[in-house]
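Inspection log for the structure reproduced underneath, given as structure tokens.
The values are calculated or read from the model by the stated rules, or taken from the named source; none is laboratory data. The model shown is predicted, which means the values in this text are computed figures rather than measured ones. Here the Cβ positions follow ideal geometry from the backbone for every residue, glycine too, while neighbour counts run over all protein chains shown. Ligands, DNA and RNA are excluded from the accessible area calculation, which covers all protein heavy atoms including side chains. Shrake-Rupley method; radii C 1.70, N 1.55, O 1.52, S 1.80 Å.
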Amino acid sequence: MNNTGEGRTSDPSPRRTRPSPPVGMELMEYLHLTEKAESYIRMVGYLYSDLALTEKDPEKKREYDVESKRHSGLLKSMDWMETSTAKTVVARYPELIQALRTRLSESNV
């Protein structure tokens, strides 16, 4: 058996790794922050999507679709993994989620 590695090809696909926590932040604290940010962004995207499905006004429906797609793009971009972005999301999104849930429950009445 030949162990020289001849004939092997390297994997050309880029690999994304989780960034390490910033200096002064514990790993678990960082992971909790980014997981919470991801969860909030995903929830807001779903809520906008649900609002678009129930909305009768075409302009508002378009607005909700745009916001849903924007949040989907944010998730894919991985920008929320940056500490400053994650902190902003965690600070601001609970209020937005509550407002969207209220709007959705009012539209279902």
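Regarding G45, is this residue closer than 28 Å to L27 by Cβ, part of a helix (DSSP H, G or I) and open to solvent by less than 30 Å² (accessible area, probe 1.4 Å)? For G45, the condition - closer than 28 Å to L27 by Cβ, part of a helix (DSSP H, G or I) and open to solvent by less than 30 Å² (accessible area, probe 1.4 Å) - is met. The residues of the range 23-50 that are under 30 Å from E106 (Cα atoms) and of a type in the set (G, A, S), listed by number, are A37, S39, G45, S49.
One residue stands out among those in the range 51-109 that are over 18 Å from K36 (Cα atoms) and outside any helix (DSSP H, G or I): the one that is least open to solvent (accessible area, probe 1.4 Å), which is E55. Scanning the range 54-109 for residues that are in contact (Cβ under 8 Å) with a residue 60 or more places away in the chain and not charged (D, E, K, R) turns up M78, M81, T83.
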